[in-house]
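K.L.:
Could you have a look at this structure, given as structure tokens, before my questions?
The values are calculated or read from the model by the stated rules, or taken from the named source; none is laboratory data. This structure is a prediction, so every number in the text was calculated from the model and none was measured. Note: ideal-geometry Cβ built from the backbone for every residue, glycine included; neighbour counts use all protein chains shown.
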Amino acid sequence: MADWIEGRITGKRHWSQALYSLQIDAPLPSFRAGQYIKVALDLDGERVGRPYSLVNAPHESPLEIYFNEIPEGPLTPKLSDLEVGDRVWVSAKASGVFTMDNVVSRRHLWMLATGTALGVYLSMLKTMEPWERFERIILVHGARNTGELAYGETIAELQAAHEESFTFITALTRDSSETALQGRITNLLENGVLEDTAGAKITADDSHLMLCGNSEMIKDVRAWLEAHGLHRHRRLEPGHYTTEQYH
Ligand SMILES: Cc1cc2nc3c(=O)[nH]c(=O)nc-3n(C[C@H](O)[C@H](O)[C@H](O)COP(=O)(O)OP(=O)(O)OC[C@H]3O[C@@H](n4cnc5c(N)ncnc54)[C@H](O)[C@@H]3O)c2cc1C
């Protein structure tokens with residue numbers, strides 16, 4: 001059974017539609033950027049917890065999670081009702097191996113996210129390690145529409161701090177915008193548009209990729225990578241990509 005510590009909501013942001021961030025003050029021990037915590041509420045006498053990637057970097061407090069409300073889900077409609085001052089349960093430690101510890105240093109680091117998976121990369125990119133280990137970092141955010149493109153201020157700060165080495169690309173599936181690509185990440189990979197836009201090729205020699213978000217994107221991108229000679233990274237068998245599946 002998980003051990004829980006008590007947290008208190010210190011900030012809430014409703015971005016748009018069903019997207020929320022919550023800031024939580026809780027005495028979590030140190031963690032690695034890219035790890036997740038479980039957040040829980042006691043609902044009808046049962047503690048209901050789900051994993052959420054931390055958006056804050058390890059040196060930042062409070063803790064922050066970014067999620068979308070799933071109307072039929074047991075937890076997220078209740079999480080989105082929380083207000084500053086309310087209490088939540090947080091797992092007593094962070095977990096997960098989707099961190100820079102399992103990334104092989106090469107020239108280019110590609111970070112591919114669908115939906116709320118953007119948050120996990122912000123935690124990593126607010127630390128120095130990825131910038132010290134890679135010549136270029138290409139963050140790709142796939143979303144349905146412009147309303148789902150959150151954390152614009154944080155991304156603008158990263159762009160200002162790492163002008164030479166950072167490329168941020170958005171891809172929309174159900175909307176269009178002058179600044180975003182149109183289509184699913186997988187299609188943009190298959191038709192070469194993603195690499196052209198980034199001005200970089202995905203190759204076994206040059207690239208490590210991190211894939212985070214929905215299972216369909218991960219499955220399809222993995223198939224493309226394997227067909228191009230890039231293999232899953234394992235601790236004892238260094239490879240080219242690492243994954244974290246949210247749903
Ligand atoms: C390691 C890990 C880290 C995670 N980190 C995050 C995070 O940072 N932010 C976040 O929003 N979610 C994250 N999730 C998913 C999260 O744990 C919950 O499943 C989600 O918030 C829905 O909770 P729920 O109890 O309302 O519904 P659930 O009963 O958990 O799910 C209901 C339905 O919604 C689908 N679903 C789950 N998550 C999503 C999603 N993000 N977008 C669309 N559909 C979804 C499920 O497949 C299921 O069909 C993570 C999952 C894992 C395994």
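K.L.:
Near the ligand (Cβ under 8 Å from one of its atoms), in contact with a strand residue (DSSP E or B) (Cβ under 7 Å, 6 or more places away or on another chain) and assigned by TED's automatic domain parsing to the domain that holds LEU172 - does that describe any residue in region 119-130?
P.N.:
The answer is yes; a qualifying residue exists.
K.L.:
Of everything in region 207-227, what is assigned to a helix (DSSP H, G or I) and either more than 16 Å from the ligand (Cβ to nearest atom) or of a type in the set (Asp, Glu) (or both)? Give them in sequence order.
P.N.:
Taking region 207-227 and keeping what is assigned to a helix (DSSP H, G or I), we get 215-227.
Of everything in region 207-227, those that are assigned to a helix (DSSP H, G or I) and either more than 16 Å from the ligand (Cβ to nearest atom) or of a type in the set (Asp, Glu) (or both) turn out to be GLU216, ASP220, VAL221, ARG222, ALA223, TRP224, LEU225, GLU226, ALA227.
K.L.:
Same structure, new question: Which residue pairs have Cβ atoms closer than 8 Å, lie 6 or more positions apart in sequence or on different chains, and pair a first residue in region 52-81 that is closer than 14 Å to ALA18 by Cβ and of a type in the set (Ser, Thr, Tyr) with a second residue that is within 10 Å of the ligand (Cβ to nearest atom) and outside any strand (DSSP E or B)?
P.N.:
Close Cβ pairs satisfying both conditions: TYR66/VAL55; TYR66/THR116; TYR66/LEU118; TYR66/GLY119; THR76/GLU69; THR76/ILE70; SER80/ALA18; SER80/GLU69.
K.L.:
Still on this model: Does GLN35 count as of a type outside the set (Gly, Ala, Ser) and within 25 Å of LEU209 (Cα to Cα)? Working first, answer last.
P.N.:
Numbers: of a type outside the set (Gly, Ala, Ser): yes; within 25 Å of LEU209 (Cα to Cα): yes.
Spelling it out, GLN35 is indeed of a type outside the set (Gly, Ala, Ser) and within 25 Å of LEU209 (Cα to Cα).
K.L.:
Another question, if that's okay. Can you work out which of the residues in region 13-63 that are surrounded by 16 or more Cβ atoms within 10 Å (Cβ to Cβ) and of a type in the set (Lys, Arg) is farthest from ARG144 (Cα to Cα)?
P.N.:
Taking the candidates together, the pick is ARG32.
K.L.:
Kindly list, by first and then second residue, each pair from a residue in region 28-51 that is within 14 Å of GLU64 (Cα to Cα) to a residue that is within 10 Å of the ligand (Cβ to nearest atom) and among the acidic types (Asp, Glu), limited to pairs with Cβ atoms under 9 Å and residues at least 6 apart or on different chains.
P.N.:
Matching pairs, first to second residue: GLY34/GLU244; TYR36/GLU244.
K.L.:
Could you list all residues from region 68-118 that are within 13 Å of the ligand (Cβ to nearest atom), under 18 Å from HIS233 (Cβ atoms) and assigned to a loop (DSSP other than H, G, I, E, B)?
P.N.:
Scanning region 68-118 gives GLY96, VAL97, PHE98, THR99.
K.L.:
Find all pairs meeting these conditions: Cβ atoms under 9 angstrom apart; at least six residues apart or on different chains; first residue within region 166-185 and in the same structural domain as TRP131 (by TED's automatic domain parsing); second residue aromatic (Phe, Trp, Tyr).
P.N.:
Here the result reads PHE166/TRP131, each pair linking region 166-185 to a residue that is aromatic (Phe, Trp, Tyr).
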